[in-house]
Amino acid sequence: MRIYVPATIGMLRQLLDAGELAPVGGTAFALTPALRESYTSGTTEELEYAALTDAARASLRLLGVDTEGENVEDKEPPRRVVVSADVDDVTLRPDLDDSAVKLSGPIAMAAVAAIHVDAPEAESAVRAAAAVIDDADLGDEDAELALGDVEDHELAWYAPQELPFLLELM
């Protein structure tokens, strides 16, 4: 199954160093039966894009604080990151979201199909959206507009073997 893992630039550095990525809480997103049922129409490609978009939104949540409680902005550029991978062992979690899945463990670099990252031009929109994503979930119209602004930026696509060069440019 193709999954979409929300991540940060720091998590990409860990992926490169360790050769595996441990999704936060084991959570990823995918084209699940529940996601397919929630749309009245759409090709597989369009529905996979919806799962990728869900992962990109989840990436915004990771941008505020890293695992040690330090502000990530002090260390890494604010960019949404999604790692696409092909794995077999997932558990569907429609109780969390139509596209949510749980992974049983880390993802090996060999399973990574692609890496999606915001371009530098998106940084101000990413900062603004990361600051208000919870408000958007609660229906705040201004926050929803900020989320829409960041989603106007398409994520760039990188092959797994390009990861060292991508991180060198950060």
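Some notes on this structure:
- Region 1-135: projected area of the alpha-carbon convex hull, averaged over directions, in nm²: 8.5
- Carbon/sulfur fraction of accessible area - the chain, other protein chains in place, 1.4 Å, %: 49
- FRET efficiency, 1/(1 + (r/R0)^6) with R0 35 Å, evaluated for GLU46 and GLU168 via beta carbons: 0.55
- Fraction of antiparallel bridges per DSSP, region 67-170 only, in percent to nearest 5: 100
- Virtual spin-label span in nm between ALA110 and ASP88, 7 Å along Cα→Cβ: 1.2
- Note that region 92-162 presents 54 Å² accessible area per residue, ligands and nucleic acids not counted, probe 1.4 Å.
- The label point for ARG61 and the one for ALA22, both projected 7 Å from the Cα toward the Cβ, are 1.9 nm apart.
- Global geometry of region 66-170, whether rounded, prolate or oblate, following the gyration tensor of its Cα atoms and the 1.5 cut on a/c: oblate
- Backbone N within region 1-16 under 11 Å of label point (7 Å from LYS75 Cα along the Cβ vector): 9-14
- For region 89-105, Karplus couplings with θ = phi - 60° (6.51, -1.76, 1.60), whole Hz, Gly/Pro x: 9, 10, 10, 5, 10, x, 5, 8, 5, 4, 9, 6, 9, 10, 9, 7, x
- Dipole magnitude (debye, nearest 20) for the chain, charges at Cβ of Lys, Arg, Asp, Glu: 600
The values are calculated or read from the model by the stated rules, or taken from the named source; none is laboratory data. A quick note: this is a predicted structure, and the numbers were derived from the prediction, not measured. All Cβ positions, even for glycine, are placed from backbone atoms using ideal geometry, and neighbour counts span all protein chains on display. These accessible areas exclude ligands, DNA and RNA; they are computed on the full protein's heavy atoms, side chains included. Shrake-Rupley method; radii C 1.70, N 1.55, O 1.52, S 1.80 Å.
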